[in-house]
Amino acid sequence: MAELDQDRERARTASGAELAALLHHHSGDVLLALLDNPALDETQLCLLLDRKDLPAAVLEEVGRRKPLLKNYRVKRALAFHPRSPRLVTLRFLRDLYLMDLVQLTFLPGISTELKRNAEDQVIARLPQLPLGQKITLARRGPARAAGALLAEGHAQILSVVLDNANLTEAQILKVLSREKLPEGIIKAISLHRKWSCAYNVRLALVRHPSSPLATVLTYLPELTVPDLRELAAPGIVPENLRNYLQAEIQRRMHAGKKSALKHEPSAGDDVIEQD
């Protein structure tokens, strides 16, 4: 106990190599005492925050001390630390640079709440971003940010964001659920090598009022009869398209009956019995 008290006192006044050694001390009380040391500079504080085994109490105390938070590196280290208390990380999200926010969303083990809040911060900044940053974000941003960029419909972003490996079918469908979309989005999705082949995306494109009739007609043979019937219900799609849907349903039914008759044995077929 006396030795721990001595280490705590040393932590408040140490400098140079002695201070550097104390950054690796096992006691949380000693590490807390280091925060009172006027010789502790930004570089040493960041080295301390690099410790993955740092007690949450130390991280919380750093987050309380405004003089220690004047440097961006310190705020970033706190936000990224796996042991940072939830409220500490949430407090610094708004201070993070855009691509640091993006990186945070991909951290292994990040909670759903923190990930969503970080994505919200990214999406909130979209209107103010220059085109170059939007293109960078479209290329490798998280799914929700990619979906928000897709919904903007910028011609120079569409092809990039649709190739984003993080973009999900759910985000594509969320965009296609909007009745009014900027020009070019429907065409870009319908021509994309991946998304134009996804069944649910095709279904959403057929349903969307802005989809060109030619595009819709190419998808009709791929849709199931139950989906065709649902789309053909009154008020779902424009009347002219509804006529095509009903015609496709009738064609399928007729083809099904022909196939059944073709494989049905005729009444005059002889049955040959073997002894």
Gap in Å between the Cα centre of segment 32-103 and the Cα centre of segment 118-158? 28
Relative to the longest principal axis of the chain, what angle (0 to 90°, nearest 10) does the C-alpha long axis of helix 131-140 take? 80
Among 198, 250, 208, whose Cα sits farthest toward the positive end of the charge dipole of the chain (+1 at Cβ of Lys/Arg, -1 at Cβ of Asp/Glu, about the Cα centre)? 208
If you place +1 on the Cβ of every Lys and Arg, -1 on the Cβ of every Asp and Glu, and leave all else neutral, what size is the dipole of the chain about its Cα centre, to the nearest 20 Debye? 1100
Helix 239-263 versus the longest principal axis of the chain: what is the Cα-based angle in degrees, 0 to 90, to the nearest 10? 70
Please build a GNM for the chain, connecting alpha carbons under 10 Å apart, and tell me which residue among 58, 161, 122 fluctuates the most. 58
Based on DSSP H runs of at least 4 residues, each adding -39500 (n - 2.57), what is the mean residue ellipticity at 222 nm of the chain after dividing by all its residues, to the nearest 500 deg cm²/dmol? -18000 deg cm²/dmol
Taking only Cα atoms of the chain, the Rg to Rh ratio with Kirkwood Rh works out at 1.30
Run the numbers on segment 170-266 and let me know its relative contact order in percent, using alpha-carbon pairs under 8 Å that are six or more apart. 21
Greater than 22 Å separation of Cα atoms is the criterion. Which listed pairs, 52/134; 70/134; 115/174; 52/75, meet it? 52/134; 70/134
Per the charge dipole of segment 44-96 (beta-carbon charges, Lys/Arg positive, Asp/Glu negative, Cα centre), the residue among 87, 46, 58 reaching farthest to the positive end is 87
For the chain, set up a Gaussian network in which alpha carbons nearer than 10 Å are linked by springs, and say which option among 114, 191, 167 fluctuates the most. 191
Using a/c under 1.5 as the rounded threshold, could you call segment 73-117 rounded, prolate or oblate? The axes a ≥ b ≥ c are square roots of the C-alpha gyration tensor eigenvalues, and prolate needs a/b larger than b/c, oblate otherwise. rounded
The chain: relative contact order as a whole-number percent, Cα under 8 Å and 6+ apart: 8
Would you please classify the overall shape of segment 33-75 from the alpha carbon gyration tensor, given that a ≥ b ≥ c denote the square roots of the eigenvalues, rounded means a/c under 1.5, and beyond that prolate means a/b larger than b/c while oblate covers the rest? rounded
Through the Karplus equation 6.51 cos²θ - 1.76 cosθ + 1.60, θ set to phi - 60°, convert the phi angles of segment 31-41 into ³J(HN,Hα) values in whole Hz; use x for Gly and Pro. 5, 5, 5, 4, 5, 8, 7, x, 7, 5, 9
Would you work out which of 123, 226, 14 lies farthest towards the positive end of the dipole of the chain, given +1 charges on the beta-carbon of Lys and Arg and -1 on that of Asp and Glu, about the Cα centre? 123
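Taken together, the values in this text are just the output of simple stated rules run on the coordinates, not laboratory data. As the structure is a computational prediction, the values presented were derived from the model and not from experiment. Methodologically, a virtual Cβ is constructed for each residue, glycine included, from the backbone with ideal geometry; neighbour enumeration extends over all protein chains shown.
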